[in-house]
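The block underneath contains the structure these notes are about, expressed in structure tokens.
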Amino acid sequence: MTSYHDADKKYNMFSGTAAAADKKRTFSISDDIVARNFQATAGSRMLEGYFPVFDSAVVSRMTAENSLIGTTNMDEFGFGMFSVSGTKIPKNPFDPERSCGGSCGGAACAASVLEDHVALGTSAGGSISSPAAFCGVFGLTPTFGRVSRYGQIDTVSSMGPVGIFASKSELLKKYLPVISGKDERDPTSTAQPELKIGKKKLRSVAVPKGVTDGVSDGVRKAFDDSVNMLKSMSVNVEYVDMPILRHAMPAHYILCATEATTNLAGYCGMRCGQRDGDLSLPFNDYFASFRSKYFGAETKLRIIIGTYATMGENRRTMYLRSLGVRKLAINSYNGIFKDHDAVLTPSMPYAAPKIADAVIMSSVDSYMASRFAAPPAFCGLPSVSVPCGYSDGLPVGMQFTACHWNEDVLLDAADLWERSFIVKAPEVSL
Amino acid sequence: MRIGLEIHVQLPTRSKMFCSCPATGAEGPNEHICPGCMGMPGTRPSLNRAAVETGIKIARLLNCTVPDVAWFSRKVYYYPDICRHYQITQYETPIGSKGVYYLGDKPIRITRAHLEEDPGSMRISGNNALIDYNRSGMPLVEIVTEPDISSPAEAREFLKALLRDIRHVTDLPDDGERSIRADCNISVGTERCEVKNVTGLKNVERALTYEAVRQTKVIRSGGKIVRETRHYDEERKVTTSARKKEFESDYAYIGEPHLGMINVKKIADSVVTKESPHDMILRFRNELGVDEKIAAQIVGTSVEMAKLFENLVKIVGTESSLKWVTGPISANWKALEKNVSEKTGPLTDVIAMHAKGKINDVECSIRIKELITGEDRKTTERAADDLDVIIRKAIEDNPSVVGDYKKSDKAANRIIGAVMKSTGGVFSSSDIVEATKRILNDMIK
């Protein structure tokens, strides 16, 4: 087995590690999931020094049989698709000059490099599908409300369950029941129906028309080949109209920003994280000094968008309207799920970009990269990203999205796919 | 003059609103706190059902519409007393809306009543601000009235009656610790000012009176009232300008996704509401023909006593019940309150005997007093010797009363009070009043 400390030196996936693993099976958590004795910063300098005094629900459930070996790097507060806005930048196992995807890049990297490792991450808008695709692993995003979010540092609160990265689909099947279930400490987890596994089969998928418009040639080829392969496996494929997806993107970013604005309001040098401010300042100036100094540029941009979208009349035209768009989007998906088991799209519009390019990419270009991965998360739907091809040696992923609470069919899809498609491991030399 | 109030009342739950910290009994600052009410990253709120139930009871008391489904919202503001920098409150779906509360016969419209969490409390000490988070996350109901109140005195009266009713329907203990806090909006002309965070009934009246006078002076001298938030200084008894008034839209409310939708109807169906003291008073007036002021006196002393009164009415009728309840029973209520349930039967028997003419007034008084206090019969008898003697003795002890009585008959109250106290309910209050006035009138002839 690869030593995770050596892997970390090479790929920079961990923000903090345990000295040693005392059990054979290991797992990690993204830096926004809390565990005792691990600093939790959600990728932000603002929270450096925050050592939680409690374990998150998923950590409590996992540690019975698995060793927690570390926390993984991510974009600051999950704002990003390439893991370049956090405190450390993880490197793609298929090409260390390239991005791991984001926001849970470190988690996907760990799942790709470490044998039989289970990496838990969070997704509020493609943060699992994006890195899973870029790092060539399976990434399962459960239904919102399936997994307790107690102990998850919130950026976005109405989206973003804890999900699983793994190099084999069987690990998803094994660990989803472990982390799932009702938890009264997270009221959103208490309405879930029972998780059933092994009952449903993938028979029919819907592909939104024009889904490969504007994607890279490598992604288009891998996706089209995969669709043909699914057909040959007697899965029915139908092309459908989903015009709402165009509106889902801006609405999603508005909701993310408004919730983030409130969730991040408490970070100001008062109770946790950085606290080295000038106490003689009036409190507003004291708070502002921390927020100016320790929040990254993308975080500040989101806070400004989120504040703008809830002020005065904007509250109605932007925030409340976005909630309405979410309802329409859910209805649109549900209409399709009447006839199909899943919606199939590429996970990302291109393979992993160079880290140097990702760093200077504009915010809007970055948001557009999540146009397939964000809408399911926006609607609270479960999805799974599976490796479906390689473009110039870099992994390409595709994403199945199922109706609420129907993780079962996604696990079947991943399993079915893995039996026919050969998943390549990165050539890791340490 | 138009006055509208925003009243905050802490709810009598055992634990806080969104975590399991105890809601009472902290001995020192920051004792009842946890990662949840300290807003530590990774924690999330979990709603206390009892807070919703109490909210429903209060909403019903205020004749409000209770929604079938409700959710909470985040109200964002930056201040050190609130860790998360947003307060979890209700915005679109208050637990009660569009109600009305009757102060006597006057309707005071209720805009809304919503549930929210209290922030921590802050004390400024020199250059330092000390914060106690024991209060952080305590459940509150905020009641907002329309500007239907027309004077500071009426505001106080309203708060007093409202608090009495809320205490009753929610079983809120009268422990002083949960005193009322109110934001007072007042306009003498067209623009209003808000006096924030005034504690206690007396201060509400004082702050409003000061503000009414100030606004009137400004307008008379040709000035204009600026919409602003003011602060009431309890020491100096004045209001001072605090900051520009924020508008609701500045708080950037968004839904609280952590708590989801709450099925209020389901909870409301299981909540049994008690009759409010106010409704009880009206019922006494309408059904038993009791004068409203006297009904208010009885209910105001104790709802338990009012229930005793109701039981008596069934047996001996209204008039006789009034005589004994407002007389010896009311005077000895403190002693009777502790074991009223076991003594109700014997008391009813005594009064029934009197009603049948088997015992006279004095005998009945003595027996009631005996039953309640368990005191030796002879002491009471001696005291009951002769009401006139006792009154004359009281006047001898307070010779200045006679002179004062010439100027105002209110001076008699000093003697009436003293006699009531010393005889402890042996005589009915109306007898004492009548005898005292008769004797004093004789003396000043």
For this session: Given the conditions (1) open to solvent by less than 40 Å² (accessible area, probe 1.4 Å); (2) in a loop (DSSP other than H, G, I, E, B), report the number of the one that A:G210 does not fulfil.
Result: (1)
Exercise. With (1) away from chain B (no Cβ under 13 Å); (2) under 25 Å from the mean Cα position of the chain (by Cα); (3) open to solvent by 40 Å² or more (accessible area, probe 1.4 Å); (4) farther than 30 Å from A:F94 by Cβ as the list, and A:V364 as the residue in question, which single condition is left unmet?
Worked result: (4)
For this session: Kindly list the number of the only condition in (1) open to solvent by 50 Å² or more (accessible area, probe 1.4 Å); (2) closer than 26 Å to B:P173 by Cα; (3) in contact with a strand residue (DSSP E or B) (Cβ under 6 Å, 6 or more places away or on another chain) that fails for B:A51.
Result: (1)
Exercise. Of the residues that sit in the range A:54-101 and are open to solvent by less than 10 Å² (accessible area, probe 1.4 Å) and hydroxyl-bearing (S, T, Y), which one is nearest to the other protein chains (Cβ to nearest Cβ)?
Worked result: A:S56
For this session: Give the residue that is farthest from the chain's Cα centre (by Cα), with candidates limited to residues of the range B:107-141 that are in a strand (DSSP E or B) and among the hydroxyl-bearing types (S, T, Y).
Result: B:S125
For this session: Filter the range A:1-39 down to the residues that are touching a strand residue (DSSP E or B) at 6+ places or on another chain (Cβ under 7 Å) and within 14 Å of chain B (Cβ to nearest Cβ), then identify the one that is nearest to A:C104 (Cα to Cα).
Result: A:S30
Exercise. Hey, does the range A:115-123 have a residue that's part of a loop (DSSP other than H, G, I, E, B) and open to solvent by 30 Å² or more (accessible area, probe 1.4 Å)?
Worked result: yes
For this session: Just need a number here: residues in the range A:163-191 that are open to solvent by less than 40 Å² (accessible area, probe 1.4 Å), in contact (Cβ under 8 Å) with a residue 40 or more places away in the chain and within 12 Å of chain B (Cβ to nearest Cβ).
Result: 4
For this session: Identify the residue in the range B:213-231 that is part of a helix (DSSP H, G or I) and in contact (Cβ under 8 Å) with a residue 24 or more places away in the chain and, among all such residues, is surrounded by the most Cβ atoms within 10 Å (Cβ to Cβ).
Result: B:Q215
For this session: Working only within the range B:321-345, note down all residues that are open to solvent by less than 20 Å² (accessible area, probe 1.4 Å) and part of a helix (DSSP H, G or I).
Result: B:S321, B:W324, B:V325, B:G327, B:P328, B:I329, B:W333, B:L336
For this session: Would you check if A:L320 is free of Cβ contacts under 8 Å to residues at least 40 places away in the same chain, open to solvent by 60 Å² or more (accessible area, probe 1.4 Å) and of a type outside the set (G, A, S)?
Result: yes
For this session: Being acidic (D, E) and in contact with a helix residue (DSSP H, G or I) (Cβ under 8 Å, 6 or more places away or on another chain) is the filter here, so list the residues in the range B:25-46 that pass it.
Result: B:E31
Problem set entry | Sole residue being open to solvent by less than 20 Å² (accessible area, probe 1.4 Å), more than 14 Å from chain A (Cβ to nearest Cβ) and in contact (Cβ under 8 Å) with a residue 24 or more places away in the chain, chosen from B:I82, B:I88, B:I56 | B:I56
Exercise. Exactly one of (1) within 16 Å of A:R271 (Cα to Cα); (2) within 14 Å of chain A (Cβ to nearest Cβ); (3) open to solvent by 10 Å² or more (accessible area, probe 1.4 Å); (4) not small (G, A, S) is unmet by B:N134. Its number?
Worked result: (2)
For this session: Determine if the range B:346-362 includes at least one residue that is open to solvent by less than 20 Å² (accessible area, probe 1.4 Å), farther than 30 Å from B:N441 by Cα, aliphatic (A, V, I, L, M) and within 30 Å of the chain's Cα centre (by Cα).
Result: yes
Exercise. Tell me, which residue of the range A:141-151 that is farther than 20 Å from A:A369 by Cβ and not basic (K, R) is farthest from the other protein chains (Cβ to nearest Cβ)?
Worked result: A:P142
Exercise. Which members of the range B:182-212 meet the condition of being part of a loop (DSSP other than H, G, I, E, B) and buried (at least 19 other Cβ atoms within 10 Å of the Cβ)?
Worked result: B:V188, B:R192
Problem set entry | Candidate set from the range B:66-79 (those that are assigned to a strand (DSSP E or B) and open to solvent by less than 10 Å² (accessible area, probe 1.4 Å)); member that is nearest to the other protein chains (Cβ to nearest Cβ) | B:R74
Problem set entry | Hits in the range B:254-284 - residues which are of a type in the set (A, V, I, L, M, F, W, C), assigned to a loop (DSSP other than H, G, I, E, B) and closer than 30 Å to A:G324 by Cα | B:L259, B:M261
Seminar exercise, completed: Here the qualifying pairs (Cβ atoms under 6 Å; residues six or more apart or on different chains; first in the range B:255-273 and within 8 Å of chain A (Cβ to nearest Cβ) and closer than 28 Å to B:G39 by Cα; second assigned to a helix (DSSP H, G or I) and modelled with pLDDT under 95) come out as B:L259/A:P187; B:G260/A:P187; B:G260/A:T188
Problem set entry | Which listed residue, of B:I88, B:I56, B:I82, is assigned to a strand (DSSP E or B) and of a type outside the set (G, A, S) | B:I88
Exercise. Among the residues of the range A:404-424 satisfying the criterion of being open to solvent by 80 Å² or more (accessible area, probe 1.4 Å) and of a type in the set (A, V, I, L, M, F, W, C), which is modelled with the highest pLDDT?
Worked result: A:W405
Problem set entry | Single residue of A:G43, A:G49 found to be open to solvent by 40 Å² or more (accessible area, probe 1.4 Å), within 14 Å of another protein chain (Cβ to nearest Cβ) and not in a helix (DSSP H, G or I) | A:G49
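The values are calculated or read from the model by the stated rules, or taken from the named source; none is laboratory data. It should be emphasised that the depicted structure is a prediction, and the values quoted were computed from it without experimental measurement. Using ideal geometry, Cβ is built from the backbone for each residue, glycine included, and neighbour counts are taken over all protein chains shown. When the accessible area is computed, the model is the full protein with side chains, heavy atoms only, and any ligands, DNA or RNA have been set aside. Shrake-Rupley method; radii C 1.70, N 1.55, O 1.52, S 1.80 Å.
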